[in-house]
1. Considering amide H positions built from the backbone, and no H for Pro or chain starts, which residues 5 or more places from Thr5, or on another chain, come under 5 Å of its amide H?
2. Residue by residue, what Karplus-based ³J(HN,Hα) values in Hz, rounded to whole numbers, does the stretch 238-250 have, using 6.51, -1.76 and 1.60 with θ = phi - 60° and x for Gly and Pro?
3. Give the carbon-plus-sulfur fraction of the accessible surface of the stretch 181-295 in %, rounded to a whole number; probe 1.4 Å, heavy atoms of protein chains only.
Amino acid sequence: FDDLTIILPAYNESERITETLKAYSSYITSSREDVVGTSAPPGSPLLLRKIDILVVDDGSADDTADVVRQYSECNPSIKKSIDCMSLPRNEGKGGAIARGIQEIVRRKQQSFGNEDNKSRSTDDRKSLVLLADADGSGDLSCLGDMLHALDDILVNQTQPHTSQSNEALIVGNRGYDGAGIARIILRWGFRTAVRIICGDLGVSDTQCGIKLMTLGAANTLYRDLNLRRWSHDVEVLYRAKILTMPVAEVPVKWEDKDGSKLVTSAGGAIGASIRMLLEIIQMRMEYALGRWQVN
């Protein structure tokens with residue numbers, strides 16, 4: 001793999017994003033030569049020539065963007081690795097991720113210039129996108145194992161010369177360790193309901209904020225999303241199912257942070273979960289009727 005861009009969608013995260021940038025930039029600094037999964041065979045590193053962070057400020061009402069830029073300016077060693085783009089209005093987490101992916105694709109296209117389509121297709125396979133949460137709940141120590149899982153899928157695909165061979169998705173699994181009883185019940189209930197509505201999506205934890213994919217997969221799955229807020233993850237995985245895109249799951253270390261935008265109280269969490277399930281039911285019907293399609 002050549003390069004990896006970590007996309008951090010951020011909405012009013014001025015108080016929490018600095019700690020996330022510190023942790024992630026420290027990881028970047030220590031991983032400039034290679035990243036090796038804990039379960040990978042000895043002596044088999046997967047090289048990453050470049051790791052960048054792109055913060056997508058999702059129309060924040062606070063100074064999230066200024067905090068990111070100030071952190072970057074004050075740390076010359078990683079200044080070129082951290083960038084921030086600001087959206088004029090709030091589009092939701094899924095919408096912010098989609099805009100970040102579009103920006104990466106746009107920059108790639110500019111760098112390619114007049115190079116042929118074959119070269120672009122190869123780059124879509126070697127360029128990776130890692131989605132993570134701005135609050136830093138996910139530990140990047142899982143990245144090595146996710147890279148190896150992704151590499152295994154791409155190497156073992158039976159049609160190496162098709163565009164589909166550039167597309168694969170690895171999803172983190174938070175498990176239940178360390179989660180409070182309320183979160184455990186909500187996660188289990190939501191996962192069960194999603195499975196009933198959408199069938200087997202290839203993973204159990206659809207809502208995990210850490211996802212790794214090739215740039216080709218990211219561009220396909222997040223283009224013209226219909227669900228652009230909290231339930232967007234399910235649409236992304238449902239699209240992968242429609243396309244028979246390879247999907248795998250890797251355990252991640254996860255620590256739920258205070259200040260969640262979704263879970264502010266037990267009642268609020270239940271209400272949000274119900275709204276998300278209603279959106280997913282609508283999504284399932286729209287795709288079944290052909291009104292929503294993967295472009």
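The values are calculated or read from the model by the stated rules, or taken from the named source; none is laboratory data. Just so it is clear, the model here is predicted, and its values are computed rather than measured. Quick note on the areas: whole protein, heavy atoms, side chains included, nothing else; ligands and nucleic acids left out. Shrake-Rupley method; radii C 1.70, N 1.55, O 1.52, S 1.80 Å.
1. So Thr5 has HN proximity to Asp52, Leu128, Val129, Leu130.
2. 5, 4, 4, 5, 4, 7, 6, 6, x, 9, 9, 10, 10
3. Numbers: 3230 of 5560 Å².
Here carbon and sulfur together make up 58 percent of the probe-accessible area.
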